[in-house]
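The values are calculated or read from the model by the stated rules, or taken from the named source; none is laboratory data. All figures in this text were calculated on a predicted structure; none of them were measured in a lab. Every residue, glycine as well, gets a Cβ built from its backbone with ideal geometry; the counts of neighbours run over all protein chains shown. Note: areas computed on protein heavy atoms with side chains; ligands, DNA, RNA excluded. Shrake-Rupley method; radii C 1.70, N 1.55, O 1.52, S 1.80 Å.
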Amino acid sequence: NTETRGRKQKSRANILKAILFAYSIGVRSTRNIEDLCKHDTRFMFLIDRLDPPSHSTINKIINSLVTNIDDVLVEINKKIMEKDKDVDPNIVYIDGTKLEAYANKYTFVWKKAILKFKEKLIIKIKKLLPDLNKLIYKYDYSLIEDKDSYSSSELLDIVNTLNSIIDKKGITLVYGKGKRKVEIQRLFDSFNEYYSKMLEYVNHLEIIGENRNSYSKTDKDATFMRMKDDHMKNGQLKASYNLQIGIASEYVMAIGVYQDRTDFAPFIPFLNYFDSLYGYYPKYPVADAGYGCFDNYRFCFENNIELYQKYTMYSKEKEKKYKNNPFNKINFKIDEDGNYICPNNKKLVYAYDRKMKNSIYDAYYKIFKCNACSDCPLKDKCTTSKYGRQISVNEEFESYKQIVRDNLESEEGIRLRINRSIQVEGTFGVMKENLGFRRFTRRSKEKVKLEATLIAIGMNISKFHNKKYRTVE
């Protein structure tokens, strides 16, 4: 006989439908979703008139999506593209914004501070080395080498050595007021403390990693960044994430969460992430001046991606004052030998190569220097350096920038630029103002990514519904 006792098992698929619909109407609280499942007929229909799920069940289902939330986003977007033929997934407008993490304000750990404390700890260790070596030499232990750095395992070996001597000698450790410590106990206590501190510093540095300078103790994946909306008006840094989105025909095609404070670094990982979702790179990834740099241009060029990303000086170069300034390197003439000629007809000759800072490629700038600046009457207008005028040039980078200028100033480029500002900024406006999504409510990078993707899915469902039933007068 079929068992009929007990509660009927809830359908996870139906509850997921209710969750996605709730996000599409701007409801993110699990308790509010639970309440809607009890009293709203739309939600009752979605859960197939079963017993309404509790907020804890809803939260469990949301958390279970951590590993496959991208699949949900892709499947919904593919279904939208089947229905909405106007969507062009090859034109993707990319932009980023910083959103505050769910972390306390004063829980920062700074990389520079940890490195400074670690250096001071090494100095303390080196100061005690003579006394330590003098003591352990009496008991036939190998001497400790005087080095520039000590690992936590080396300090643990010292602590164990001192502990074994204390056990052999039968020394009783004393603590408290009025108790006098013998020399070996003083060394044992000091190195035990140094070992604990070194472990702490190493742990901090492992959490921070190589590519960031801080983290929050209450959300270790969050990085302290300068925010645009500074309500305290004091430039205080807040624990945040860098949210990157890619918009195609008003729909969020991809959304990523990064720890970088600028938009340069996430661009290539974001394009790779887009490729992992849909199996191709967008042909036209249009982005603002926060994304144009040598690494990003070369990556696009190597993968047959069009260059529609402004570089830093793009807008400045179009100003009349900048164009007419004879002291800008773009206005310097070049002679037959490849030397640059300044406004006073002095030569800037090739001096050396300088590696591009923070570049993932093996790229270099050519440095050109003028050796006749000391008595030049135009020196004050040309340079403030006491060594004379010098300029840096990378011909490959300059060729990329020329392609960008040609692309962006074409009719297609102007259309894409206008659409980028409308679609991306409009999406962030809906996200922050209409939905009130200005701060994450979950901790850790993967949970934050889950929350951001659910927001994106909800916005796509809402956008599709509005476009479908939009009346044209």
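Please specify each residue of segment 62-88 satisfying the condition of being within 23 Å of the chain's Cα centre (by Cα) and not aliphatic (A, V, I, L, M). Answer for segment 62-88, where residues must be within 23 Å of the chain's Cα centre (by Cα) and not aliphatic (A, V, I, L, M): Asn63, Thr67, Asn68, Asp70, Asp71. Scanning segment 75-106 for residues being within 29 Å of Ser240 (Cα to Cα), in a loop (DSSP other than H, G, I, E, B) and open to solvent by 20 Å² or more (accessible area, probe 1.4 Å) gives a total of 4. When you check Ser392 against the structure, is it without any contact (Cβ under 8 Å) to a residue 12 or more places away in the chain, among the small types (Gly, Ala, Ser) and under 27 Å from Asn296 (Cβ atoms), yes or no? When the stated conditions are applied, Ser392 does not pass them. No other residue among Gly436, Gly458, Gly388, Gly413 is open to solvent by less than 30 Å² (accessible area, probe 1.4 Å) and modelled with pLDDT under 90 apart from Gly388. Considering Thr427, Thr441, Thr453, the condition of being closer than 30 Å to Ser216 by Cβ and either among the charged types (D, E, K, R) or open to solvent by 40 Å² or more (accessible area, probe 1.4 Å) (or both) is satisfied by Thr441 alone.
Yes or no, residue by residue, for (1) aliphatic (A, V, I, L, M); (2) within 14 Å of Ile69 (Cβ to Cβ):
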residue: Gly413; (1), (2): no, no
residue: Lys447; (1), (2): no, yes
residue: Ala452; (1), (2): yes, yes
residue: Ile455; (1), (2): yes, yes
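Scanning segment 316-339 for residues that are open to solvent by 70 Å² or more (accessible area, probe 1.4 Å) and not in a helix (DSSP H, G or I) returns Lys318, Glu319, Asn324, Lys333, Ile334, Glu336, Asp337. When segment 171-219 is filtered for residues that are open to solvent by 70 Å² or more (accessible area, probe 1.4 Å), more than 30 Å from Lys105 (Cα to Cα) and in a helix (DSSP H, G or I), the ones remaining, listed by number, are Glu183, Arg186. Scanning segment 9-40 for residues that are under 23 Å from Ile455 (Cβ atoms) and assigned to a loop (DSSP other than H, G, I, E, B) returns Ile25, Gly26, Val27, Arg28, Ser29, Asp40. Being among the charged types (D, E, K, R) and either open to solvent by less than 50 Å² (accessible area, probe 1.4 Å) or part of a loop (DSSP other than H, G, I, E, B) (or both) is the filter here, so list the residues in segment 340-354 that pass it. Lys346, the sole residue that qualifies. Among residues of segment 64-88 that are more than 16 Å from Thr453 (Cβ to Cβ) and in contact (Cβ under 8 Å) with a residue 60 or more places away in the chain, those with a beta-carbon under 8 Å from a residue that is among the β-branched types (Val, Ile, Thr) and surrounded by 13 or more Cβ atoms within 10 Å (Cβ to Cβ) at least six positions away or on a different chain give the pairs Val87/Ile80.
Taking first residues from segment 174-186 that are in contact (Cβ under 8 Å) with a residue 40 or more places away in the chain and partners that are β-branched (Val, Ile, Thr), the Cβ contacts under 9 Å between residues at least 6 apart in sequence or on separate chains come to Ile184/Ile165; Ile184/Ile166; Ile184/Ile171. Tell me, please, whether a residue that is open to solvent by 60 Å² or more (accessible area, probe 1.4 Å), without any contact (Cβ under 8 Å) to a residue 40 or more places away in the chain, under 26 Å from Leu73 (Cα atoms) and touching a Gly at 6+ places or on another chain (Cβ under 9 Å) can be found in segment 262-270. Yes: one or more hits. Scanning segment 41-64 for residues that are outside any helix (DSSP H, G or I) and open to solvent by less than 30 Å² (accessible area, probe 1.4 Å) returns Ile47, Pro53.
Of the residues in segment 297-315, at least one is assigned to a loop (DSSP other than H, G, I, E, B), open to solvent by 60 Å² or more (accessible area, probe 1.4 Å) and farther than 24 Å from Pro282 by Cβ. Show the residue pairs that are 6+ apart or on different chains and have beta-carbon atoms under 6 Å apart, the first residue being within segment 274-285 and within 17 Å of Glu306 (Cα to Cα), the second being among the aliphatic types (A, V, I, L, M) and open to solvent by less than 30 Å² (accessible area, probe 1.4 Å). Listed pairs, sorted by first residue: Phe274/Ala254; Tyr281/Leu271; Tyr281/Ile305; Pro282/Val92; Tyr284/Ile91; Pro285/Val92; Pro285/Ile94. Ser315 fulfils the conditions (1) under 29 Å from the mean Cα position of the chain (by Cα); (2) over 30 Å from Pro266 (Cβ atoms) except for a single criterion, (2). Of all residue pairs spaced 6 or more apart or on separate chains, those with beta-carbon atoms under 7 Å, a first member in segment 365-385 that is on the phi < 0 side of the Ramachandran plot and part of a strand (DSSP E or B) and a second member that is open to solvent by less than 40 Å² (accessible area, probe 1.4 Å) and of a type in the set (Phe, Trp, Tyr) are Phe368/Tyr340. The set of residues in segment 317-338 that are farther than 16 Å from Glu398 by Cα and in contact (Cβ under 8 Å) with a residue 24 or more places away in the chain contains only Phe327.
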